[in-house]
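Worksheet: the structure to be examined is printed underneath.
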Amino acid sequence: MLLVYTQEITNRLEYTFEFIFEEILDIELKLTTDLQEFDESDQPKLNYSGLKLDCPLKIHPHPILFQRKICYQTLAPISFNNEVYFFESSASSFLPFDPFAASFFIISRYEEYLMRQLDKHRRYPSHHSILYRNHLLDKPIVNQWAQLIAQKIKLHYPEFDYRPPRFDFLSTIDIDNAWAYKNKSWKRTLGALAKGVIKGDRQQIQERLKVIRGEKEDPYDTYNYVCNQYKEHKDLLHFFVLLGKPGKYDRNISPKNEQLRQLVRDLNSFCRVSIHPSYRSTRNRRELTKEIQTLEQITHNDVKSSRQHFLRLELPKTYRRLISAGITNDYTMGYADQVGFRAGTSNSFWFYDLKKDVPTQLRIHPFQLMDVTLKNYLKLTPDEALTIIEKLMGEIRNYGGTFISLWHNESLSDQGEWAGWRTVFERMTEQAFKYKDEQVKS
């Protein structure tokens, strides 16, 4: 057990210390404001206060964990051992920065509450992030800090034991458009054919007609392929399906379509299937509830997990809306235009509502990369993408957590603009299984 002395136990402080010690390091933690208890204890202990106590480990606390309001923070970077840190501490502290204050700032997404310049989809721009600006977005920095803290404690208390980093992974597939040509209404099919004629795109017209006549597989129908990759590891695959009304950014076919409903039932019998709340649902709470109910009617299961379409995430509005709708796990935490660790961690964590200054019961599962990010935003080739993927997986292997990737059924077609990307998916999966097997053997 680790005993921590602090002059005040706040929601923010308790949340942060529990995340670092109990969730990342798997250490039993006790917080106390009792000086006598702290002084008399022979357990490993840490002084998180401005007081001079008989304890070899002290961090002079930054005030952010004792504040109740959201206010601008001084974020001047600190260089130490060739690494960059934030929230400077005192000379008497065993680290030159306050890792607890810095961790809370990053995992609570504090900076996002202060940002008014959102992109056209009302998303927080990655280039404003403190991690991006300091070239730290590609590291699970909070996990790294947790390991650093644990190592420092063990130097003074050799009996202090903590869980070594463990690698896990999850492949997630978003179904924005279940089929390219198949199972569309005649109105949409004729409209698409007319567009093809106007553009002179004979190849697409021929492909569409062959799919409709059953002479060729629909290029977006990659579900058997994906499931076969994970037939022995169903728990490591998770689909998110869009069931909203058609709109400019919601292009899936109607959720009333029986072929789509059967597809969802088939996938649900194999692995987890959750809701992919539509673009329009971010403005209409009733739409979100309706989409969840539709999926529950199809699968006959309670729907508790989600990922926002277009990764539309505006704090705290989006998460409050999900909580009201009964969602307990969300997988939206990541950037559309960059890979890496948006919340600085590869662990899941409870959403902390900064405006209410309380932790919630919504579990956030951050993802590290998306197929569209690699190909369209970063303009990478499949080989270049693999290099990035292997680096991110290596970071999680070193510091622990879950590697979560985001793919789409169409990106795994291995056709057209996505030719060559199946190999990326397969090699990523192969490497992830290898890392997991190494842990089992050790």
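Is there a pair in LYS231/LYS290; LYS304/LYS356; LYS139/LYS304 whose C-alpha atoms are over 25 Å apart, and which pairs would that be?
Beyond 25 Å between Cα atoms: LYS231/LYS290; LYS139/LYS304.
Can you give the FRET efficiency to the nearest 0.05 for PHE94 and GLN439, using r as the Cβ-Cβ distance and R₀ = 25 Å?
With R0 = 25 Å, the Cβ-Cβ based efficiency is 0.25.
Using R₀ = 25 Å, calculate the FRET efficiency as 1/(1 + (r/R₀)^6) where r is the Cβ-Cβ separation of GLN36 and ASP161; round to 0.05. List each step's numbers first, then the result.
Numbers: r = 26 Å, r/R0 = 1.06.
Efficiency, rounded to the nearest 0.05: 0.40.
Label point 7 Å out from HIS233 along Cα-to-Cβ: which residues of segment 421-436 have amide N under 14 Å?
It comes to 425-436, nothing else.
Give me the one-decimal nm value for the distance between modelled label points at HIS128 and ARG265, 7 Å along each residue's Cα-to-Cβ direction.
Distance between the two pseudo-spin positions: 4.6 nm.
Of LYS391/LYS434; LYS216/LYS245; LYS182/LYS234; LYS30/LYS152; LYS120/LYS256, which sit over 21 Å apart, Cα to Cα? Write out the running numbers ahead of the final one.
On the way: LYS391/LYS434 15 Å; LYS216/LYS245 28 Å; LYS182/LYS234 27 Å; LYS30/LYS152 18 Å; LYS120/LYS256 30 Å.
Pairs exceeding 21 Å: LYS216/LYS245; LYS182/LYS234; LYS120/LYS256.
Would you mind working out the magnitude of the charge dipole of the chain relative to its Cα centre, with +1 at each Lys and Arg C-beta and -1 at each Asp and Glu C-beta, to the nearest 20 Debye?
On the way: 62 positive and 57 negative charges, 535 e Å.
Roughly 2560 debye for the chain.
Between ALA419 and LYS210, how high is the FRET efficiency from 1/(1 + (r/R0)^6) when r is the Cβ-Cβ distance and R₀ = 22 Å? Nearest 0.05.
Computed FRET efficiency for ALA419 and LYS210: 0.75.
Quick one: which residues, 5+ away or cross-chain, put their amide H under 5 Å from the amide H of LEU2? H built at 1.01 Å from N.
Under 5 Å from the amide H of LEU2: GLU28, LEU29, LYS30.
Between HIS135 and ARG251, 0.36 nm times their residue separation minus their Cα-Cα distance comes to what?
Gain in length upon complete extension: 38.2 nm.
At 0.36 nm per residue, and after removing the present C-alpha to C-alpha distance, how many nm does the segment from ASN224 to HIS300 gain when stretched out fully?
Gain on extension, ASN224 to HIS300, equals 25.1 nm.
Given the -39500 (n - 2.57) contribution per DSSP H run of 4+ residues, what per-residue ellipticity at 222 nm results for the chain, rounded to the nearest 500 deg cm²/dmol? Can you show the working numbers first?
Details: 14 runs with 153 residues, N = 442.
For the chain, the value works out to -10500 deg cm²/dmol.
What distance in nm separates the simple spin-label points at VAL358 and ALA76, each placed 7 Å from Cα in the Cβ direction?
Each label point is offset 7 Å from its Cα along the Cβ direction, giving 3.8 nm.
Throughout, read-outs are computed from the coordinates displayed, never taken from laboratory work. Keep in mind that what you see is a predicted model, and the values were worked out from it rather than measured. Don't worry about glycine lacking a Cβ; one is built from the backbone with ideal geometry, like all the others, and counts go over all protein chains shown.
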